[in-house]
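Since every read-out is calculated from the coordinates, none of them should be taken as a lab result. Fair warning: this is a prediction, and the values are worked out from it, not measured in the lab. Note: ideal-geometry Cβ built from the backbone for every residue, glycine included; neighbour counts use all protein chains shown.
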Amino acid sequence: MIRILVVDDHKILRDGIRSILALESDIQVVGEAVSGDEVMKKVGEFRPDCILMDINLPGRNGIEVTSTVKKEYPNCRVLVLTLFEDEEYLLEALRAGADGYLLKDSSSDQIVAAIRMIAQGDSVIHPRMTKKLVTFHRQEPTINKLTKREREVLIELVKGLSNKEIAEALFISDKTVKIHINKIFKKLNVKSRTQTIIYAVQHQLVPIS
C-alpha cells in the first residue's frame, strides 16, 4: 500500500484527488495539509510514503517544505503537483529534492501512474516541462565523468530529443546513441531519461535560463 499525504490549500482539489485515489486498491490517502507550516507535523504524524505537494501554499511554499522534508525524511518521496509551468519553479523544485513534477492539468491516469513510479523509486516530469530544459551547463565536476561525446549526447537528451533526433543532430547512428546513453546512465547512476534530467538539474548541470 502506498501511503499518500495530499498538500494543497484548496479543499476542492484535495477532495478531487481523494476521489481519484480512492479507486486504487494500492494507494491510500492517510492525511491532508493545507499550508507549508502544517506539512512537517503531518509527515511526522502519518509517515507517508509519498507527498503530493502544491507549490503555492500559505506560509512556507511547497519548494521550501520539500527541501525540509527531504532532509528530515529522505525516504519520503515528493511529487509536486502544480499550476506553475515556469522552468524556474521546476528547477527549484528538483534542486530542493522533489522526485517528480506534474501539472494540475494532468489526467487522473497520469497522476496515479506518477505516484506508482515515484513510490518505486523512479522519477517523473510532465512532458511539457521536459521541453523547457533546453540549456545545459558543464562546470560541475560530475560532468567530468563523461567523455566529450557522452556530454554532447547528454546535452541533446536533456533537450528532450529522441535517440533518432540525437543521432541526426550529432551525425552518428541510433545504435551509437543508445550505447552512449547506457554509459551515461551507468556513470551517473540513473535508470531512465527522466532520472538523468533530474540528476542534471539537482547537480546544477542545467541552470535556470
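Rank-order 114-122, 74-82 by packing density, defined as the average count of other C-beta atoms within 10 Å over each peptide's residues, highest first. Numbers along the way, then the final one.
Working: 114-122: 18.0, 74-82: 20.8.
Final packing ranking: 74-82, 114-122.
Within 12 Å, Cβ to Cβ, of E165, how many net charges do the neighbouring residues add up to if Lys/Arg are +1 and Asp/Glu are -1? Provide the component values of the computation, followed by the final result.
Numbers: positive: K159, K164; negative: E156, E168, D174.
Value of the local net charge: -1.
Once the Cα atoms of helix 108-119 and of the chain are each reduced to a long axis, what angle between those two axes, in degrees from 0 to 90 to the nearest 10, is obtained?
It works out to around 80 degrees.
What are the residues whose amide H is under 5 Å from the amide H of V29, where those residues sit 5 or more places off or on another chain and H is modelled from the backbone?
I4
Enumerate the calculated ³J(HN,Hα) couplings along segment 56-66 in order (Karplus 6.51 cos²θ - 1.76 cosθ + 1.60, θ = phi - 60°), each rounded to whole Hz, writing x wherever the residue is Gly or Pro.
3J(HN,Hα) across segment 56-66, in whole Hz: 7, 10, x, x, 5, 6, x, 6, 4, 5, 4.
What are the radius of gyration and Dmax of the chain, computed over its Cα atoms and given in Å?
According to the Cα coordinates of the chain, Rg and Dmax are 17.8, 55 Å.
Counting only residues 5 or more places away or on other chains, whose amide H sits under 5 Å from the amide H of I125 once H atoms are built in the peptide plane?
Y101
Per 0.36 nm of contour for each residue apart, how much would the distance between Q120 and T147 grow if the chain were fully extended, relative to their Cα-Cα spacing?
Gain in length upon complete extension: 6.7 nm.
Counting pairs of alpha carbon atoms under 8 Å apart in space and at least six apart in sequence, what relative contact order in percent does the chain give?
Details: 334 pairs, mean separation 33.5, N = 209.
Relative CO of the chain lands at 16 percent.
Mind ranking 49-59, 93-103, 178-188 by how tightly packed they are, going by the mean number of other C-beta atoms within 10 angstrom, highest first?
93-103, 49-59, 178-188
Could you work out the helix-only [θ] at 222 nm for the chain, with each DSSP H run of four or more residues adding -39,500 (n - 2.57) and the total divided by the number of residues, to the nearest 500 deg cm²/dmol?
About -14500 deg cm²/dmol.
With Cβ to Cβ distances under 10 Å as the rule, what net charge do the other residues near N61 carry (K, R +1; D, E -1)? Write down the numbers at each step before the final one.
On the way: positive: R60; negative: D54, E64, E92.
Net local charge, N61 excluded: -2.
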